[in-house]
Structures are given as structure tokens and as C-alpha cells.
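Student: Handing you a structure now.
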């Protein structure tokens with residue numbers, strides 16, 4: 001059974017710092033990995049999607065990497081801002097021949113606080 | 001991106017009652033998904049709502065407790081039946097667009 005772990009559980013940084021969030025998964029046979037942001041009362045926002053054949057994806061100040069063989073992904077946030085404060089979730093879709101379509105296994109999340 | 005709406009956004013219910021949560025998506029999809037987020041926990045998939053067939057439930061979730069309807073390609077409901085305080089959670093519906101998963105804003109349920 002796939003298990004996803006995120007470290008650290010919480011992180012507090014001053015504005016402007018670059019930071020890294022970590023995600024690990026136990027079964028490397030994944031189809032893809034997604035990073036989400038969760039804001040209270042607003043559900044989840046998809047940030048980046050990395051296919052199993054890819055090594056990284058970038059969007060603005062965000063960069064996500066994937067090392068499938070070692071079961072790890074990192075989310076790098078450059079020049080953090082107070083508006084980045086949220087819970088960041090990592091989720092994987094297993095490669096189960098199509099039967100796992102839409103079925104994500106989530107980590108517990110990292111609560112990020114960026115203070116001015 | 002995708003637009004997914006849920007009703008109600010939150011509710012407080014009494015033990016033993018049932019609540020039906022509605023989910024509307026912005027485009028037709030064959031499958032919609034229902035997730036649960038218990039307090040302090042991450043998201044867990046409850047079931048896949050298939051249009052034109054019975055919902056598919058994940059291990060630990062049963063139809064009698066979480067009946068699902070899927071009357072058309074843009075709408076689904078999840079009912080939480082015979083509620084207990086352990087059912088207090090955020091319930092989120094979701095759809096796929098390509099390989100990206102999109103989520104509704106969630107329904108925050110508190111059971112007294």
C-alpha cells in the first residue's frame with residue numbers, strides 16, 4: 001500500500017527566504033505526483049504536476065523535482081512571501097494500469113508560515 | 001483550471017441524522033471523486049462516482065454509510081448517513097482534467 005510522508009510538518013520562515021518542502025513515497029511505481037496548496041475554506045489548488053517520466057516542473061517561483069527511483073520529491077519556493085502561507089500537500093497517483101485514475105494518495109502536509 | 005462548487009459549505013448536525021452534500025463541476029466527466037479530510041489528517045479517497053453505474057468504494061468505506069448519486073455528467077451527491085461525531089470532517093469532491101486533479105472548496109461537517 002502506497003504511503004506518502006511529508007517533512008517538515010510545519011515551517012516558519014521570514015519573508016524573502018528560499019525554502020524546500022520534502023515528500024517521500026514508498027512505492028516507486030507511480031503514474032504522477034502533484035503538489036497542492038490548501039487554504040482554509042478554499043479547498044485545494046493544484047500547483048504542479050510531474051509525470052513519472054519527468055524530473056522537474058517549474059511555475060513562477062515554484063520548482064518541483066521528482067526522483068522516482070528513490071521515492072522522493074521536493075518543492076522549492078523561491079523568495080517566499082506572506083501570501084505563500086498555506087498547507088502544502090504532496091499526492092501521488094499509482095501506476096495501476098488505469099484503475100488508479102483520479103485516485104490520489106496524500107501526504108499529511110507541511111504547514112508553511114511566511115512572516116513579514 | 002476547473003470550477004467545482006459544493007453545497008453546503010459547512011453544517012452542524014446532530015448524531016444519528018444524515019446530510020447530503022452536492023457537487024457541481026464545470027464540464028462533463030465520466031468519473032467524479034469524493035474525499036474526506038478528518039481533523040488534522042490528510043485527504044482519503046472515499047469513492048469514485050461513475051456516471052451510469054454504481055459508485056466504487058475504497059477499503060473502509062461502504063455504500064450504506066456513504067451513498068452516492070451521479071444523475072448526470074456534471075453533478076454528484078454524497079450522503080453521510082446515521083452520523084456520529086467521528087464523521088466530523090471536511091468532505092471534498094474532485095474531478096480529473098487530463099492528469100491534473102481539481103478539488104471543490106469542501107464541506108465542513110461537524111457532528112454533535
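Student: Taking the inverse of the average 1/r across all pairs of different Cα atoms in chain A, what Kirkwood radius in Å do you get?
Tutor: By the Kirkwood definition, the hydrodynamic radius is 14.2 Å.
Student: Next question, about the same structure. Calculate the spin-label point distance for residue A:12 paired with residue B:41, positioning each point 7 Å from the Cα along the beta-carbon direction, and give it in nanometres.
Tutor: 2.8 nm
Student: Grab the beta carbon distance between residue A:26 and residue B:13, set R0 = 45 Å, and tell me the FRET efficiency rounded to 0.05. Intermediate values should be presented prior to the final figure.
Tutor: Working: r = 36 Å, r/R0 = 0.81.
Step by step, r from the Cβ atoms, then E = 0.80.
Student: Restricting everything to alpha-carbon atoms, can you work out Rg to Rh for the protein assembly as shown with a Kirkwood hydrodynamic radius? Write out the running numbers ahead of the final one.
Tutor: Working: Rg = 17.6 Å, Rh = 18.1 Å.
Rounded to two decimals, Rg over Rh is 0.97.
Student: Is segment B:51-99 best put as rounded, prolate or oblate by its Cα gyration tensor, with a ≥ b ≥ c the root eigenvalues, rounded for a/c under 1.5, and otherwise prolate when a/b is larger than b/c, oblate when not?
Tutor: Numbers: a/c = 1.94, a/b = 1.58, b/c = 1.22.
Verdict is prolate for segment B:51-99.
Student: Per residue of B:94-104, count partner chain C-beta atoms within 10 Å of its C-beta, then hand back the mean as an integer.
Tutor: 5
Student: With an 8 Å cut-off on Cα pairs and a minimum separation of 6 or more residues, tell me the relative contact order of chain A in percent. Provide the component values of the computation, followed by the final result.
Tutor: On the way: 294 pairs, mean separation 42.8, N = 116.
Relative contact order for chain A comes out at 37 percent.
Student: Alpha carbon centre of segment A:17-64 versus segment B:69-107: separation in Å?
Tutor: Value for the Cα centre distance between the two parts: 22 Å.
Student: Suppose we keep just the alpha-carbon trace of segment A:24-83; what are its Rg and Dmax in angstrom?
Tutor: Taking only Cα atoms of segment A:24-83, I get Rg and Dmax of 12.4, 36 Å.
Student: To continue, here is another question. How big is D, in µm² s⁻¹, for chain B by Stokes-Einstein at 20 °C and 1.002 mPa s if Rh is the Kirkwood radius over C-alpha pairs?
Tutor: Numbers: Rh = 13.9 Å.
Estimated diffusion coefficient is 154 µm²/s.
Bear in mind these aren't lab numbers, they're just calculated from the coordinates by the rules spelled out. If you're wondering where the values come from, they're calculated on a predicted model, not measured in any experiment. Every residue, glycine as well, gets a Cβ built from its backbone with ideal geometry; the counts of neighbours run over all protein chains shown.
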